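S.K.: The structure's right below; bear with me while I get my questions together.
Every number in this text was worked out from the coordinates using simple rules, so none of it is lab data. The structure presented is a predicted model; accordingly, all values stated were derived computationally and were not measured. Using ideal geometry, Cβ is built from the backbone for each residue, glycine included, and neighbour counts are taken over all protein chains shown.
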Amino acid sequence: MKYIQAFFMSLGMFSAIPCPYRPWNEKARPLMLVALPFVGLVIGLLWYGLFLLLCRLSVPLQLQAAVLMVYPYVVTGFIHLDGFMDTSDAILSRRPLEEKLRILKDPHTGAFAVISTAILFILCFASMLSVTEQIHFKQALDIAQGDPMLSLILIPVVSRCGSALAVLGIKPLGHSQYKAEPGAKKEIGKIAIVTIFVLASFLAAALLDAGALPLEATRSVLIVLGGTAAAYLAAIASSVRHLKGVSGDLAGYSLIVAEAAGLIVLALVV
């Protein structure tokens, strides 16, 4: 029961998905990050379902791309995008560490945050438009080899696995809310690793068994997920190097970078 409560607590905190069941159990609070990959799975399934719905309604490709591009930000209530903007402001300021940490906690939006978000949106929209056009073209010629858009289900899972492990495994910043006793932190880390392994194995087996991903499409999906994971590692390593620790903002920043990289790689391999 505690794990179920932790999932819904995590869903309520890290997404804007309406849910009538909103428990709060302080004992389940340390498990919220363990449930984060499952929140990613829900977000990914809805993302892919939205893609299918837009195709079924014959929505113009440009509008499809725009809706699919903004979905991950809207469905999370912009919580991770807020972390991306704050962290961009801090890192790109190129100030001393103390000043960077002050900027990170500053509620005001700086120029670097606006510029970074504009670049992010341009890249994500261009990538999604390229993907939707390629999918439409292949279907029109009846040469589709599986459905590479199934990557949309798994990209949020991978990015949230990274966030859970980063917050649990890296020294937190002084103002971070994700501080835990060393023993509990170690135990939660073990559970998170097991959760990630089981989730990844289940999804891979289900997709391959259903025949939804022929060999070529399977390779494409794995490349996309690899690019997502690599981008997360690069983003969290860079941000920790600049700020000497991790917080929710840095985890959100790395999550946004990872999902954007996933879309870019998808556009390149589709």
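S.K.: Determine the sum of side-chain charges near Ile153: Lys and Arg each +1, Asp and Glu each -1, restricted to other residues whose C-beta is under 14 angstrom from that of Ile153.
M.R.: My count for the surroundings of Ile153 gives -1.
S.K.: Would you grab the residues whose amide H sits under 5 Å from the one on Ser247? Only those 5+ places off in sequence or on another chain, please, with H modelled 1.01 Å from N.
M.R.: Residues meeting the amide H criterion: Leu173.
S.K.: Now for a different question. Can you check what the net charge comes to around Ile256, using other residues whose Cβ is under 13 Å from the Cβ of Ile256 (Lys, Arg +1; Asp, Glu -1)?
M.R.: In short, -3.
S.K.: Using r as the Cβ-Cβ distance of Lys244 and Ile79, and R0 as 25 Å, what FRET efficiency do you calculate, to the nearest 0.05?
M.R.: Details: r = 23 Å, r/R0 = 0.93.
The pair Lys244/Ile79 has a calculated efficiency of 0.60.
S.K.: How far apart, in nm, are the 7 Å Cα→Cβ label points at Arg29 and Leu57?
M.R.: According to this spin-label approximation, the distance is 4.0 nm.
S.K.: First select every other residue whose beta carbon is under 11 angstrom from the beta carbon of Thr76; then total the charges, Lys and Arg +1, Asp and Glu -1.
M.R.: -1
S.K.: Suppose the chain between Cys19 and Ala230 were pulled fully straight at 0.36 nm per residue; how much longer would it get relative to their current alpha carbon spacing? The partial results should precede the final answer.
M.R.: Numbers: separation 211, 0.36 × 211 = 75.96 nm, distance 3.24 nm.
Going from the current span to full extension adds 72.7 nm.
S.K.: Compute the distance from the alpha-carbon center of the stretch 52-113 to that of the stretch 1-47, in whole Å.
M.R.: 22
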